[in-house]
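S.K.: This is the structure, below, for whatever I ask next.
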Amino acid sequence: MSPINFREIPPEKQRKLLLVGSLALASALLFRRQISVSAELVREAVVTKPLPPKRDPSTPTPAGRLFWPVDLSRVRIGPKFMGHAALKTYRHGYGYHTGLDFLTSAVGLKVVAMADGVVVSSTPTASRYGYGHNVLIHHPALGVWTRSSHLYSRDVKAGDVVTAGQQIGRVGDSGTDNVHLHWDVIKLALPNPRFNPHNPATGGVRTPLSGLDPVEEALVRKYFQDPLAFLNARSALNPVTQKVAHA
Ligand SMILES: [Zn+2]
């Protein structure tokens, strides 16, 4: 039997063990003879489920330490979630906006993971107008995915485990006509990593250029949520204030 660290025994079991020991000691003193304690009683007292590991306070927690994907001092917030009108400022843009755009002139600006997660896909530009170089990350503890699109470059591959604040790529203009990070917060597993409710080739609908399609709107609301509201509701950290994570 390996030595047992008393402090690793749950309090309830500690009390039981102390009681067993005290009774044995009291009996020994009272009757001045050796008392054997039931092995079963001791085993029952000390063999327990392991305690949950102590949480290291420096470890990012899903609820308490989320990051904006880019340094907010280097970007301005562009078209927002469902902001279809603003999207028309882009040559190709019509329909509902699935995410949030961070506009910048700084090609190569670092993009970081919002939270701990696993990279679902990291794919190159597939078409002139699409998501370009993009990275899709699953954040199991939060029950959401984040997708960073139009990247200049990608620093992770499918299957990689990432931590909150870790660099995953750089801002660019792949698959679009101006430099920005298009960033989605996704609440339901996508039909495919490049799913775009506005693009029939990815499972979306073909929206007339002059109008908005209710089916498309339903698809956006089914799979996506407002990234700005999501981060603000969780007091997400600006990576610029996190020198270690965003050196
Ligand atoms: Zn966008």
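S.K.: Taking 0.36 nm per residue of sequence separation and subtracting the Cα-Cα distance, how much length would be gained by fully extending the chain between residue 235 and residue 73, in nm to one decimal? The partial results should precede the final answer.
M.R.: Values: separation 162, 0.36 × 162 = 58.32 nm, distance 1.65 nm.
Fully extending the segment from residue 235 to residue 73 adds 56.7 nm.
S.K.: If you take the beta carbon distance between residue 212 and residue 103 as r and set R0 to 25 Å, what does 1/(1 + (r/R0)^6) give as a FRET efficiency, to the nearest 0.05? Don't jump to the answer; show the numbers that get you there.
M.R.: On the way: r = 23 Å, r/R0 = 0.92.
Efficiency for this residue pair is about 0.60.
S.K.: Now, a different point. Sort 230, 67 by Cβ crowding within 10 Å, fewest neighbours at the top. All intermediate terms of the calculation are to be shown ahead of the outcome.
M.R.: Numbers: 230 19, 67 23.
The order, fewest Cβ neighbours first, is 230, 67.
All of the numbers you see were taken from the coordinates with simple rules; none came from a lab. These figures come from a predicted structure and were not determined experimentally. Cβ coordinates were reconstructed from backbone atoms using ideal geometry, including for glycine residues, and neighbour counts include every protein chain displayed.
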